[in-house]
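Down below is the structure, laid out as structure tokens.
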Amino acid sequence: MNSRSYSPIHYHINENLQSASSALQLARDELNFKRAGATVEQIQLQKLQVQQSQANRDTIMAQLNKTVLFSPMTGLVTKVDFEIGEIVSPNTPVIHMIFDNQYKIEVNVPEVEIAKIQPRNQATVTLDAYGESIDFNATVALIDPSETIIDGVPTYKTTLFFTQ
């Protein structure tokens, strides 16, 4: 019998030794790879991927913002004058709001008086429901530049906001 013959126990030990040596070499290679760090190209590629993801996010946010109407002031929507898919003309009011704690009134001012009125002017208003003895303070907010004929008299719709 050959003196170098291997028993099953020797065979398993030798196999385990080779496996352990391979695992050790793999661990050393991984350690060296991690110590070496990323290459300049890999870092640049990652930066570009981050920038692309940010651009995709910005595009999606822009698309989302086009689906929502925002008001510069808080208030209650009282009327919507359009249907989904309908085309509306620019500068045509299609949504009406009442602003929080701020009520408005629209009055028709005769043409001979309109030159005296400017936005942000203070006004005193009486309401039929309260009688002429109760005055309400208001501020001129908007004067419609187009005239409206009422009983043959040119008038301009003027919007006032109550300040009380």
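Which residues, counting only those in the stretch 85-120, are among the aliphatic types (A, V, I, L, M) and outside any loop (DSSP other than H, G, I, E, B)? Give the steps one after another, and end with the answer.
Narrowing the stretch 85-120 to residues among the aliphatic types (A, V, I, L, M): 87-88, 94-95, 97-98, 105, 107, 109, 112, 114-115, 117.
The answer is 95, 97, 98, 105, 107, 109, 112, 114.
Hey, among 98, 87, which residue is out of contact with any Lys or Arg (no Cβ under 6 Å at 6 or more places or on another chain) and within 20 Å of residue 163 (Cβ to Cβ)? Before you say what the answer is, go through the steps one by one.
Working: 87 fails: within 20 Å of residue 163 (Cβ to Cβ).
Exactly one residue qualifies, and that residue is 98.
Cβ-Cβ distance below 9 Å, separation of 6 or more or different chains: which pairs start in the stretch 72-87 with a residue that is touching a residue at least 60 places away in the same chain (Cβ under 8 Å) and end on one that is in a loop (DSSP other than H, G, I, E, B) and surrounded by 10 or more Cβ atoms within 10 Å (Cβ to Cβ)?
Here the result reads none, with nothing in the stretch 72-87 linked to a residue that is in a loop (DSSP other than H, G, I, E, B) and surrounded by 10 or more Cβ atoms within 10 Å (Cβ to Cβ).
Return the only residue of 60, 87 being loosely packed, with under 10 Cβ neighbours inside 10 Å, farther than 28 Å from residue 153 by Cα and not acidic (Asp, Glu).
Working: 60 fails: loosely packed, with under 10 Cβ neighbours inside 10 Å.
That would be 87, the only listed residue that is loosely packed, with under 10 Cβ neighbours inside 10 Å, farther than 28 Å from residue 153 by Cα and not acidic (Asp, Glu).
From 155, 148, 126, which residue is within 21 Å of residue 98 (Cα to Cα) and in the same structural domain as residue 99 (by TED's automatic domain parsing)?
On the way: 155 fails: within 21 Å of residue 98 (Cα to Cα); 148 fails: within 21 Å of residue 98 (Cα to Cα).
Unique residue meeting the criteria: 126.
Go through the residues of the stretch 96-109 one by one and say whether even a single one is surrounded by 10 or more Cβ atoms within 10 Å (Cβ to Cβ), at pLDDT below 85 and outside the structural domain of residue 158 (by TED's automatic domain parsing).
Among the residues of the stretch 96-109, not one is surrounded by 10 or more Cβ atoms within 10 Å (Cβ to Cβ), at pLDDT below 85 and outside the structural domain of residue 158 (by TED's automatic domain parsing), which makes the answer no.
Exactly one condition in (1) over 30 Å from residue 157 (Cα atoms); (2) surrounded by 12 or more Cβ atoms within 10 Å (Cβ to Cβ) is not met by residue 54; state its number.
(2)
The values are calculated or read from the model by the stated rules, or taken from the named source; none is laboratory data. Small disclaimer: the values here were computed from a predicted structure and weren't measured. Neighbour counts are summed over all protein chains in view; Cβ atoms, including those assigned to glycine, are modelled from backbone coordinates with ideal geometry.
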